[in-house]
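K.L.:
Have a look at the structure that comes next, please.
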Amino acid sequence: MQLTGEWISHPETQALCAALSSAGFQALFVGGCVRNALLGLPVSDIDICTDARPQTVSDIAEKAGFKAIPTGIEHGTVTIIAGHIPHEVTTFRQDLKTDGRRAVVAFSADIVQDAARRDLTMNALYARADGTVIDPLGGMADLLARRVRFVGDPSQRIAEDFLRILRFFRFHAHFADPELGLDGEALAACAANLDGLANLSKERVGQEMKKLLSAKNPAPAVAAMAHTGVLNALLPGASARFLAPLVHLEDDRPPDWRRRLVVLGGGHWDERLKLSRAETRDLTALHDGISALQSEAALGFRLGAELGQSAVLARAALFESPLLPAWEREVHRGAAARFPVRAADLPDLSGPDLGARLRQLQDVWLQTGLTATKADLLGR
Ligand code: ATP
Ligand code: MG
């Protein structure tokens with residue numbers, strides 16, 4: 001099996017591999033880049049593994065004219081910038097000791113040991129610089145069948161690193177054959193290790209949940225998370241019930257994790273997932289937009305076109321109500337509309353009174369379907 005793709009034939013990427021191999025070391029692509037290339041999907045980041053030690057990797061790369069950044073030396077990772085592209089180069093490793101998240105690692109010269117510490121068989125695929133695929137654990141058959149399977153015993157692999165519970169569901173959401181269902185043994189292992197989820201940082205849980213909810217159809221994976229108790233351990237009060245209807249209503253629109261998260265419910269998202277201020281603001285606006293009974297145009301006006309559309313879709317899923325035929329046009333009309341009254345139109349008012357009157361007039365305007373003119377509103 002031979003990989004191809006613009007990313008692998010990039011001259012600087014090839015030059016980095018050649019520099020390592022002409023110094024007598026292996027240079028193998030691994031993980032997401034190999035997996036995605038085999039599935040014909042875009043490759044976003046390049047991971048390379050090697051039997052060279054981190055300092056040697058740095059020396060070789062710098063001698064070849066590339067910049068080396070020691071991003072995770074204790075875990076054996078050096079980032080090499082070649083042709084403006086970051087390449088994460090990691091020395092083959094084996095885990096000596098694990099504590100449920102971080103491992104004490106030893107460097108290794110053995111690709112089979114390196115493969116055995118990876119999470120899923122589809123993530124334990126390697127490729128040489130010329131694109132030849134190396135498959136030490138039979139991950140290729142799983143990938144082609146779109147089967148998401150742990151490397152080794154699921155309970156043991158989860159106990160080593162509880163983040164793998166989330167990764168299992170995330171990779172299922174993105175890559176699994178929906179007809180296959182989820183691996184029973186892995187699900188049982190997830191259900192038996194819920195306590196470990198409490199030790200994960202908000203940041204990692206947030207990253208994983210956002211990625212998971214950005215899959216084209218995360219509903220089957222999230223339903224399985226609910227059955228195993230993982231969903232409630234992460235987001236107390238959340239329910240998977242309305243997610244499949246939402247995905248159906250979305251009808252191939254670009255996925256938006258915020259819209260999906262709001263439909264899962266539970267609230268208090270910023271206490272569970274590390275979110276930016278803008279993300280929290282968007283989630284609150286979506287949540288409030290859904291709760292208040294507002295027209296499609298009013299949601300477009302208040303939230304803008306993108307979030308307004310998300311609010312309409314989420315509301316239809318949650319209330320099991322049909323979408324109006326012109327709903328999207330209405331959201332856009334609202335997003336483009338301008339409220340016709342300005343502060344200067346109310347010269348007799350100031351301070352809080354002015355604010356209250358403007359808000360009241362705006363509500364009236366929204367109730368007229370955003371059609372009332374300034375004269376209508378001011379009663380002239
Ligand atoms: P993507 O970058 O598209 O999210 P990826 O597979 O490249 O997917 P990364 O998080 O970049 O995922 O990790 C790179 C590789 O490192 C994975 O493919 C996997 O082999 C290994 N890996 C990552 N996290 C873990 C983990 N928690 N346990 C075991 N192996 C892991
Ligand atoms: Mg990656």
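The values are calculated or read from the model by the stated rules, or taken from the named source; none is laboratory data. Quantities reported herein were computed from a predicted structural model and do not represent experimental measurements. Reconstructed Cβ throughout: ideal geometry from the backbone, glycine too, with neighbour counts over all protein chains shown. Side chains included, ligands, DNA and RNA excluded: accessible areas come from the protein's heavy atoms. Shrake-Rupley method; radii C 1.70, N 1.55, O 1.52, S 1.80 Å.
K.L.:
From the square roots a ≥ b ≥ c of the eigenvalues of the alpha-carbon gyration tensor of the range 1-145, which class results: rounded (a/c under 1.5), prolate (a/b over b/c), or oblate?
P.N.:
In terms of gyration-tensor shape, oblate.
K.L.:
Could you give me the ³J(HN,Hα) list for the range 74-88, computed from phi with Karplus coefficients 6.51, -1.76, 1.60 and θ = phi - 60°, whole Hz, x at Gly and Pro?
P.N.:
So the J values, rounded to whole Hz, are 5, 9, x, 10, 10, 8, 9, 8, 10, x, 6, 9, x, 10, 7.
K.L.:
Can you grab the distance from the C-alpha centre of the range 221-250 to the C-alpha centre of the range 13-43, Å, no decimals?
P.N.:
Taking the Cα centre of the range 13-43 as reference, the centre of the range 221-250 is 36 Å away.
K.L.:
Continuing with the same structure: Pull up the cross-link candidates among the lysines for Lys202, meaning alpha carbon to alpha carbon under 16 Å and not fewer than 8 places away within one chain.
P.N.:
By straight Cα distance, Lys202 reaches Lys210, Lys211, Lys274.
K.L.:
For the range 256-299, what is the charge dipole size about the Cα centre, in debye to the nearest 20, if Lys and Arg each add +1 at the Cβ and Asp and Glu each add -1 at the Cβ? Walk me through the intermediate numbers first.
P.N.:
Values: 7 positive and 7 negative charges, 35 e Å.
Dipole magnitude for the range 256-299 comes out near 160 debye.
K.L.:
On a 1.4 Å probe surface of the protein chains, which of Phe171, Phe107 comes out largest in accessible area, and what is the full order?
P.N.:
Of Phe171, Phe107, the descending order of accessible area is Phe107, Phe171.
K.L.:
Using the crude model of +1 on Lys and Arg Cβ and -1 on Asp and Glu Cβ, and no other charge, please compute the dipole size for the range 93-168 relative to its Cα centre, in debye to 20.
P.N.:
240
K.L.:
If you don't mind, there's one more thing I want to ask. Give the ranking of Lys97, Lys210 by solvent-accessible surface, highest area first, calculated with a 1.4 Å probe.
P.N.:
The ranking, largest first, comes out as Lys97, Lys210.
K.L.:
I would also like to ask the following. With N residues in the range 253-380, what two-decimal value do you get for its Cα radius of gyration over 2.2 N^0.38 Å? The partial results should precede the final answer.
P.N.:
Working: Rg = 16.6 Å, N = 128, 2.2 N^0.38 = 13.9 Å.
Rg over 2.2 N^0.38 Å, computed on Cα atoms: 1.19.
K.L.:
Hey, what D do you get for the chain in µm²/s if you plug the Kirkwood alpha-carbon radius into Stokes-Einstein at 25 °C and 0.890 mPa s?
P.N.:
Taking Rh from Cα pairs, D becomes 103 µm²/s.
K.L.:
Might you work out the accessible area of Thr71 for me, using a 1.4 Å probe with all protein chains in place, and round it to the nearest 10 Å²?
P.N.:
Spelled out: Thr71, probe radius 1.4 Å, area about 80 Å².
K.L.:
Report ³J(HN,Hα) in whole Hz for each residue of the range 153-158, in order, from the Karplus equation J = 6.51 cos²θ - 1.76 cosθ + 1.60 where θ = phi - 60°; Gly and Pro get x.
P.N.:
Couplings: 6, x, 4, 5, 5, 6 Hz.
K.L.:
Something else: Treating the beta-carbon of each Lys and Arg as +1 and of each Asp and Glu as -1, no other charges, what is the dipole magnitude of the chain about its Cα centre, to the nearest 20 debye?
P.N.:
740
K.L.:
Here is a follow-up. How far is the Cα center of the range 126-174 from the Cα center of the range 311-380, in Å?
P.N.:
First find each Cα centre; the distance between them is then 51 Å.
K.L.:
Rounded to the nearest 10 Å², what accessible area does Glu306 have for a 1.4 Å probe in the complete protein model?
P.N.:
120
K.L.:
Of His75, His84, His287, which has the most accessible area with a 1.4 Å probe, and how do the rest follow in descending order?
P.N.:
Ranking His75, His84, His287 by accessible area, largest first, yields His84, His287, His75.
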